[in-house]
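Shown next, in structure tokens, is the structure this report addresses.
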Amino acid sequence: MEQWLPLFRHLLACPVANAAAFSSFPASGECPSSPPPATALLRILLSPAPTLPDSASDPTAAILFQILPPFLQSQALSFLASSAHLLDPHLLRSLAARVLSAPPGRYGFWARRGARHLLDGLPEEEGIPGVASDEFVDGFHEPPPWLKEAAAWARPVLPWLPIDCRSLMGSGTRGRGAGDGLDGIGLETFVLAQDEDVEMQEAECVSQPQAPPLGDQIVQRALAVQKEIVTVESGLVAQRVVKDLQDLCVESRNATAVLSLVQPWEADDETLRVLLSNLVLQEDGMCGGGPALVLCSVFLPQLLELQRPPSSVLLSAALDLCKRHPAAALEAVLFPLVLRKGGLNVPQCDVLTRIVKECMHPLHIAAFCHRLLSGEEQERKPLCMPQHHESVGTHLVWTESLFTLFYSILSQDICLTPSTIDELISVIDERASEFSRSLKFSNFLKCFVLKCWHQCKNQRVLLERAAERTNTFLTKAILAKLRPAS
């Protein structure tokens, strides 16, 4: 099994195992470079396992997959699901059926859940003996027994948390020095009364305390930092200026106003690197917090005017911050740049593609696509400094580079929501004539059809009509996928 260690390390290290991410495969021993890793993995998982204690009584269970640790079982199923369209559906169905029809307790919850997901992605076929079609779908959302018992008599703290408010009062009413609880604030402060007016509840949730205006002394110090930050000549001076700027933000209790006055984005790339690496802010009133404020005041302004690839010094520091704070990167970089009024260009698309691939979890990207394409206009309100509001809108401007970005997203096997897929189909239908000769649009369309075929096959006619209006060397390949063989 030593030749399989690289693949198993990949399965253990990745949050979401993906066949596309495991591009290299060792070509030694019994672990060949051809067939692809997913095919070879499926074959070895279904191969006979060493003698197991219960294999005599249940010989159908004696496969190698059974002896893997539970987490590795779940990751292996996820890895196979990402390449299901390239594998033999009968072998995949056999493996999934073995897991789901096994006696209770043999496989863990996530392994059985992964098997159900693998089975659902296969072409429709008659039911498998011993496997219920709705198995585990209901159980996944069922609360544990102790929570069901609590829900029977409790006055819920929150609608989705049926625990009695009074049972948690003790931790919320202790003094500030207790080290836990809510700093002396009773938990009932956060519980909405059952008969309270809904509109009042929403108004209370939305309201945020306004930041105080900047005093004259703070303004003078900020203007001094503004002059100094564009004339920095060494790394040590840059670090001192960043420390002064951070102190100003803390003392003023209005970091947004201070940064708007200082305009740190006017500094050179080396100073911007120091800012991204050392500036730490706490801004509770902003979605994404302090890291989002750093990104939208230091990195985003550079991207909004980007016409050529950014320097490696600046990009490296920005990617490091985005990796540590992906939610902040989503709010302060992805949304504003994608909603740029002038549309996305090639250098900007390249930067966003790297952020998406290197810094974001698939769930972040799925949520981003849903908000961008299916969310309300208020959900798409961009986060940027006041000076850049005129450069950012609330509606998408479709360019070749934007289609390239969505191609990169689809290539990572992101599970898009049904509403997101419907919106993309509408965009494809509307823009097919405009981008009829665009190879980037055709490349996106081909990838969309391949990755989302099971979700969009009911709208095959609409997609076929759009593909017929394209005129690139990919047109025939797209139509061949959309038109089933007679």
Being among the acidic types (Asp, Glu), under 18 Å from the mean Cα position of the chain (by Cα) and closer than 24 Å to Gln302 by Cβ narrows it down to one of Glu379, Glu358, so name that one.
Glu358
Can you pull out every residue in the stretch 254-266 that is of a type in the set (Gly, Ala, Ser) and open to solvent by 10 Å² or more (accessible area, probe 1.4 Å)?
Ala257, Ser260
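Quick grid of which residues meet (1) over 28 Å from Pro123 (Cα atoms); (2) touching a Pro at 6+ places or on another chain (Cβ under 9 Å):
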residue	(1), (2)
Ser419	no, no
Ser433	yes, no
Asn443	no, no
Leu450	no, no
Trp453	no, no
Arg460	no, yes
What are the pairs, 6+ residues apart or on separate chains, where a residue within the stretch 423-442 that is more than 17 Å from Leu405 (Cβ to Cβ) has its Cβ under 7 Å from a residue that is open to solvent by less than 50 Å² (accessible area, probe 1.4 Å) and not in a helix (DSSP H, G or I)?
Ala432/Thr470; Ser436/Thr470; Arg437/Thr472
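Assigned to a helix (DSSP H, G or I), touching a residue at least 24 places away in the same chain (Cβ under 8 Å), within 22 Å of Glu305 (Cα to Cα) and open to solvent by 50 Å² or more (accessible area, probe 1.4 Å): does that describe Gln226? Please lay out each step first, then the result.
Details: assigned to a helix (DSSP H, G or I): yes; touching a residue at least 24 places away in the same chain (Cβ under 8 Å): yes; within 22 Å of Glu305 (Cα to Cα): yes; open to solvent by 50 Å² or more (accessible area, probe 1.4 Å): yes.
Spelling it out, Gln226 is indeed assigned to a helix (DSSP H, G or I), touching a residue at least 24 places away in the same chain (Cβ under 8 Å), within 22 Å of Glu305 (Cα to Cα) and open to solvent by 50 Å² or more (accessible area, probe 1.4 Å).
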For the stretch 87-142, the count of residues that are within 26 Å of the chain's Cα centre (by Cα) and either at pLDDT below 80 or closer than 24 Å to Cys452 by Cβ (or both) equals 17
Among residues of the stretch 431-456, those that are outside any helix (DSSP H, G or I) and aliphatic (A, V, I, L, M), counted
1
Can you work out which of the residues in the stretch 340-355 that are under 17 Å from the mean Cα position of the chain (by Cα) and not hydrophobic (A, V, I, L, M, F, W, C) is nearest to Ile414 (Cα to Cα)?
Thr353
With the first residue restricted to the stretch 85-105 and required to be in contact (Cβ under 8 Å) with a residue 12 or more places away in the chain and within 17 Å of Leu64 (Cβ to Cβ), and the second required to be among the aromatic types (Phe, Trp, Tyr) and not in a helix (DSSP H, G or I), Cβ contacts under 6 Å at 6 or more apart or on different chains are Val99/Tyr107
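The values are calculated or read from the model by the stated rules, or taken from the named source; none is laboratory data. The shown structure was predicted, so the numbers you read here are calculated from the model rather than taken from an experiment. With ideal geometry, Cβ positions are generated from the backbone for all residues, glycine too; neighbour counts draw on all protein chains shown. Ligands, DNA and RNA are excluded from the accessible area calculation, which covers all protein heavy atoms including side chains. Shrake-Rupley method; radii C 1.70, N 1.55, O 1.52, S 1.80 Å.
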